[in-house]
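The values are calculated or read from the model by the stated rules, or taken from the named source; none is laboratory data. Keep in mind the model is a prediction, meaning the values are calculated, not measured. Backbone-built Cβ (ideal geometry, glycine too); neighbour counts: all protein chains shown. What goes into the accessible areas is simple: the full protein's heavy atoms, side chains included, and nothing from ligands, DNA or RNA. Shrake-Rupley method; radii C 1.70, N 1.55, O 1.52, S 1.80 Å.
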Amino acid sequence: MRTLNQWLDEYDASHQNPRNKSIHIWCVPAIAVCTVALLWLVNIPYTTINLGQILLIAAMFFYGYLSVRLALGMLPFVILLAAGIMLYQAYVPLALWIPAGAIWIIAWVMQFIGHKAEAQQPSFFTNILFLLIGPLWILGSVYQKLGIQFRNA
């Protein structure tokens, strides 16, 4: 298993173009939210859980393994995401898959536009776990601006 520094350094190497970085700042969270929302709609038979919940739990374990500080930083986002999905389902009559699917598609198109400007393929083409690294990369840039140490020595 790669270390946090290895994951972030490799992800950062293919995200140097300012246009691509700007697109990622907006589209990575949008894709993360919409992916969880879409998977939230897939119930596990004979249980009260769904694939979105499983993804969030697995992601938090992965984040905790890589960095407790980053996992703690992701925790409020994960809680708000889950609460937001449940509130949407309780109070909004429009089926969740409609806005989640539309935003997911638009965000992915933008991501590929960003990678065209970067002249690099998306990192997840080499390892699917990079889909979980994108949100950490964004949180890491916020931590850096705030002077919070999060990388392993």
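Assorted remarks:
- Whole-Hz Karplus values for segment 119-130 come out as 6, 9, 6, x, 4, 5, 5, 8, 7, 4, 5, 4 Hz, taken residue by residue from phi with 6.51 cos²θ - 1.76 cosθ + 1.60 and θ = phi - 60°; glycine and proline positions read x.
- Segment 40-110: equivalent-ellipsoid semi-axes (sqrt of 5 x gyration tensor eigenvalues, Cα, Å): 23, 17, 13
- Segment 7-141, accessible surface, carbon-and-sulfur percent (1.4 angstrom probe): 74
- 222 nm mean residue ellipticity, helices alone, for the chain (DSSP H n ≥ 4; -39,500 (n - 2.57); rounded to 500): -25000 deg cm²/dmol
- This model, with +1 at the C-beta of Lys and Arg and -1 at the C-beta of Asp and Glu, gives the chain a dipole about its Cα centre of some 180 debye.
- Taking amide H as placed 1.01 Å from N in the peptide plane, the amide H of Asn50 sits under 5 Å from that of Ile44, each at least 5 places away or on another chain.
- Across all C-alpha atoms in the chain, the radius of gyration and Dmax reach 15.9, 49 Å.
- Largest-first ordering by accessible area, 1.4 Å probe, given options Tyr143, Tyr46, Tyr88, Tyr65: Tyr46, Tyr65, Tyr88, Tyr143
- Couplings for segment 60-74, taken from phi via the Karplus curve 6.51 cos²θ - 1.76 cosθ + 1.60 with θ = phi - 60°, read 5, 5, 4, 5, x, 5, 6, 6, 5, 4, 6, 4, 5, x, 7 Hz in order; Gly and Pro are left as x.
- Net charge of neighbours whose Cβ lies under 14 Å from the Cβ of Val142, counting Lys and Arg as +1 and Asp and Glu as -1: +4
- Label-to-label distance, Ala58 versus Lys145, with points set 7 angstrom from Cα along the beta-carbon direction: 3.1 nm.
- Per residue value of the accessible surface for the chain (all protein chains in place, 1.4 Å probe), Å²: 58
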